[in-house]
Amino acid sequence: MTSRTRLRRVSQADHDPALYGSSFADVYDNWYPPGDTGALLECIAAFTPPGGRVLELGVGTGRLALPLADAGYRVVGMDSSVEMLEVLRAKDPESSVEVVLADAGDPATWPAELLRGDHDCILAACNLMLNLSSHDQQRSCVEACAGALRRGGVLVVELDDLEPPAERGEGFALSTALGSDPVVVSTEYDPESGSVLGHHIELHPDGGSRVRPWRVHPVGTDEVTRWCEDAGLAHVATLPGFPDPGAAPGTPRTVTVHRRPTGT
């Protein structure tokens, strides 16, 4: 690590919902190329036939949303990052995915039309739920999703099964699978916020570097299931996570599906 490398500590107070997008939008598709979306499409089709309205939270560059649109779904993609949505728009000149700039963890930022209760499926895949800054934001997101679903609609949540934060220490690891330059990944547990703070540090051949900060707030499947049930959603399935080339090696993922009852 060179003297020009500086790690910016990200605290709870200055948390930026667009942090991940501003850090990774320019390299996301290169570092995490699209993988096999067959399992995702099969899961969505099992609960929502093509033609249904799907809202993807944390749509990013469209790695999942574009295949869903190609499969015949009417897809709305929400993200808090202007940079991520710009990449998606460039990849989708026909606007097959309707994009919305809003913070999934702050339903007050959601456009009113997203809260009308007419979505057949809401998808929170990959690290979306973990990227929200607190349990309060995660729970608020679940509650807003419950109200935004039509009767009979489903909320599909994918979670990394992270080890408890108290068991995590500070550390550095060298990743050789991202881009062309070496990348050092630093992590630190912040006991004040309960979040894991991290940086991807690119080491360039000229001795320079690029620091890409991020944070995740661990949450368990049991907690999300409880929030769903408190919001009136019924658990209908627990499935393995979807294949993802960007997932951390050795970190299992779980998908839970909850349905809004037809009578509420």
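Search region 1-36 for residues being within 23 Å of ALA104 (Cβ to Cβ) and charged (D, E, K, R), and hand back the single one that is modelled with the lowest pLDDT. Filtering region 1-36 for residues that are within 23 Å of ALA104 (Cβ to Cβ) and charged (D, E, K, R), the one modelled with the lowest pLDDT comes out as ASP14.
In this entry, TRP227 is excluded by the filter for residues that are in contact with a Phe, Trp or Tyr (Cβ under 8 Å, 6 or more places away or on another chain) and within 22 Å of GLN137 (Cα to Cα). Among the candidates VAL236, VAL185, VAL157, the residue that is modelled with pLDDT under 90, closer than 27 Å to ASP36 by Cα and outside any loop (DSSP other than H, G, I, E, B) is uniquely VAL185. Restricting region 37-75 to residues that are closer than 29 Å to THR109 by Cα and acidic (Asp, Glu), the residue that is surrounded by the fewest Cβ atoms within 10 Å (Cβ to Cβ) is ASP70. Entry remark, region 201-233: residues being touching a Pro at 6+ places or on another chain (Cβ under 8 Å), assigned to a strand (DSSP E or B) and not acidic (Asp, Glu) number 1 in total.
Among the residues of region 120-154, the ones that are of a type in the set (A, V, I, L, M), over 14 Å from the mean Cα position of the chain (by Cα) and assigned to a helix (DSSP H, G or I) come to 3 in all. Selection within region 100-113: residues that are surrounded by fewer than 21 Cβ atoms within 10 Å (Cβ to Cβ) and aliphatic (A, V, I, L, M). The member of this set that is nearest to GLY51 (Cα to Cα) is VAL100.
Among the conditions (1) surrounded by fewer than 21 Cβ atoms within 10 Å (Cβ to Cβ); (2) closer than 25 Å to ALA231 by Cβ; (3) within 17 Å of the chain's Cα centre (by Cα); (4) not aliphatic (A, V, I, L, M), the only one that GLU83 does not satisfy is (2). Just so you know, in region 243-264 the residues that are outside any strand (DSSP E or B) and in contact with a helix residue (DSSP H, G or I) (Cβ under 8 Å, 6 or more places away or on another chain) include one that is modelled with the highest pLDDT, and it is ARG260.
The values are calculated or read from the model by the stated rules, or taken from the named source; none is laboratory data. Every value quoted in this text rests on a predicted model; they were computed, and no experiment measured them. Positions of Cβ are backbone-derived with ideal geometry, glycine not excepted, and every protein chain shown enters the neighbour counts.
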